[in-house]
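These notes are about the structure you will find just below.
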Amino acid sequence: MSDWKAFTVERNGRVARVTLTGPGKGNAMGPDFWSELPQVFNELDADTEIRAIVLTGSGKNFSFGLDLPAMSPTFGPLLGEKALAAPRTDFMYEIRAMQDAVTAVAGCRKPVIAAVSGWCVGGGLDLIAAADIRLASAEATFSLREAKVAIVADMGSLHRLPAIIGEGHLRELAFTGKDIDAARAEKIGLLNDVYPDQDAVLAAADALAGEIADNPPLVVQGVKDVLDQPQAAKVADGLRYVAAWNAAFLPSEDLTEAIQAVFEKRKPEFGGK
């Protein structure tokens with residue numbers, strides 16, 4: 001396995017544990033995360049010894065989501081008054097590349113179990129939506145936060161979560177950007193189970209991965225492929241649509257205000273422009 005900046009990968013027999021490591025605070029998702037994520041999962045997909053994967057975060061939190069300061073160069077060309085076709089096109093392809101990174105998790109032939117503790121925000125929720133099974137510790141908190149930073153979520157939550165939690169719950173989370181605790185997340189179907197603490201959820205995820213790994217690997221992979229088939233084309237079409245939508249409409253005074261508020265550590269004031 002390769003050496004990574006944003007991940008560690010540990011193997012225990014037929015189970016791999018992928019751990020987010022940052023380098024941003026709270027395992028925030030910066031350039032290294034987006035470039036390395038598909039490489040990590042493509043390597044594990046090709047590894048015939050690995051039959052199941054546990055995905056978790058280092059420290060107390062799963063992920064604070066997109067690292068806005070680190071990723072600001074991606075948004076920068078869109079924030080001027082002359083964001084014409086070229087920067088918008090470049091931005092659309094940047095979105096598609098980031099989408100492909102998350103899709104590498106969903107497309108991995110090996111079942112992926114997300115073990116979540118602490119905060120799981122924005123891009124973190126996109127990431128666990130691409131997993132097959134989600135477990136959490138009791139103090140975990142979830143938020144589809146993008147609306148609060150003037151962004152239409154474009155990494156997959158809007159497309160994968162309807163099949164997991166239903167349209168009504170998804171719309172509530174997406175329109176409000178509110179936080180929900182693990183108990184609510186389990187109630188709406190986002191989580192399979194909730195455990196007392198981080199050690200307990202990791203132990204449960206490892207045990208479940210081991211149980212999966214004991215079954216015939218090609219059959220397990222076939223089950224995953226069959227289950228994914230009805231949604232695959234719909235998700236792919238939706239991702240392309242939102243990439244084009246954001247390339248066209250994301251630039252706004254509200255987005256500029258959201259980014260400035262992050263840097264200045266204050267509440268943003270949105271004007272709808």
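Would you please list the contacts, defined by Cβ atoms under 6 Å and residues six or more apart or on different chains, that run from a residue in the stretch 189-209 that is more than 16 Å from W119 (Cα to Cα) to a residue that is open to solvent by 50 Å² or more (accessible area, probe 1.4 Å) and not in a helix (DSSP H, G or I)?
A204/Y195
In the stretch 105-120, is there at least one residue being in contact with a Gly (Cβ under 9 Å, 6 or more places away or on another chain) and among the polar types (S, T, N, Q)?
Yes, the conditions are met somewhere in the stretch 105-120.
This table checks each residue for (1) modelled with pLDDT of 95 or more; (2) over 20 Å from V220 (Cα atoms); (3) not polar (S, T, N, Q).
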{"position": "T21", "(1), (2), (3)": "yes, yes, no"}
{"position": "M29", "(1), (2), (3)": "yes, yes, yes"}
{"position": "E36", "(1), (2), (3)": "yes, yes, yes"}
{"position": "D47", "(1), (2), (3)": "yes, no, yes"}
{"position": "A52", "(1), (2), (3)": "yes, no, yes"}
{"position": "L55", "(1), (2), (3)": "yes, no, yes"}
{"position": "S58", "(1), (2), (3)": "yes, yes, no"}
{"position": "P73", "(1), (2), (3)": "no, yes, yes"}
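May I ask you to list pairs of residues, at least six apart or on different chains, whose Cβ atoms are under 8 Å apart, with the first in the stretch 14-30 being open to solvent by 10 Å² or more (accessible area, probe 1.4 Å) and the second being part of a loop (DSSP other than H, G, I, E, B) and basic (K, R)?
Every condition considered, the pairs that remain are R14/R51; V15/R51; T21/K5; P23/K5.
Taking the stretch 232-273 on its own, how many of its residues are over 21 Å from M92 (Cα atoms) and assigned to a helix (DSSP H, G or I)?
The qualifying residues number 6.
Which strands (runs of 3 or more DSSP E) does the stretch 111-224 wholly contain that include 2 or more residues that are within 22 Å of N27 (Cβ to Cβ), open to solvent by less than 10 Å² (accessible area, probe 1.4 Å) and not aliphatic (A, V, I, L, M)? I'd like the intermediate steps shown before the answer.
On the way: elements: 112-116, 119-121, 133-137, 141-143, 179-181, 193-195.
Once the strands (runs of 3 or more DSSP E) in the stretch 111-224 are filtered for at least 2 residues that are within 22 Å of N27 (Cβ to Cβ), open to solvent by less than 10 Å² (accessible area, probe 1.4 Å) and not aliphatic (A, V, I, L, M), what remains is 141-143.
I'm checking my understanding of the structure. Among residues of the stretch 250-267 that are surrounded by fewer than 18 Cβ atoms within 10 Å (Cβ to Cβ) and touching a helix residue (DSSP H, G or I) at 6+ places or on another chain (Cβ under 8 Å), which one is farthest from L158 (Cα to Cα)?
Filtering first and then ranking leaves F263.
Look at the stretch 31-73 and say how many of its residues are assigned to a loop (DSSP other than H, G, I, E, B) and open to solvent by less than 10 Å² (accessible area, probe 1.4 Å).
So the count comes out to 3.
From P87, P77, which residue is on the phi < 0 side of the Ramachandran plot and open to solvent by 50 Å² or more (accessible area, probe 1.4 Å)?
P77
Taking the stretch 235-249 on its own, how many of its residues are farther than 12 Å from L158 by Cα, open to solvent by 20 Å² or more (accessible area, probe 1.4 Å) and of a type in the set (G, A, S)?
Matching residues across the stretch 235-249 total 2.
Quick check on the stretch 104-127. Is at least one of its residues within 27 Å of A204 (Cβ to Cβ) and basic (K, R)?
Checked against the condition, which is being within 27 Å of A204 (Cβ to Cβ) and basic (K, R), the stretch 104-127 yields at least one hit.
State the number of residues belonging to the stretch 1-25 that are outside any strand (DSSP E or B) and either touching a helix residue (DSSP H, G or I) at 6+ places or on another chain (Cβ under 8 Å) or over 20 Å from F75 (Cβ atoms) (or both).
Selection size over the stretch 1-25: 12.
Here are some residues: A6, A46, A28. Which one is touching an Asp or Glu at 6+ places or on another chain (Cβ under 9 Å) and under 27 Å from A213 (Cβ atoms)?
A6
The values are calculated or read from the model by the stated rules, or taken from the named source; none is laboratory data. Just so it is clear, the model here is predicted, and its values are computed rather than measured. Please note: Cβ atoms are built from the backbone with ideal geometry, for glycine as well, and neighbour counts cover all protein chains shown. SASA here: full protein model, heavy atoms, side chains in, ligands and nucleic acids out. Shrake-Rupley method; radii C 1.70, N 1.55, O 1.52, S 1.80 Å.
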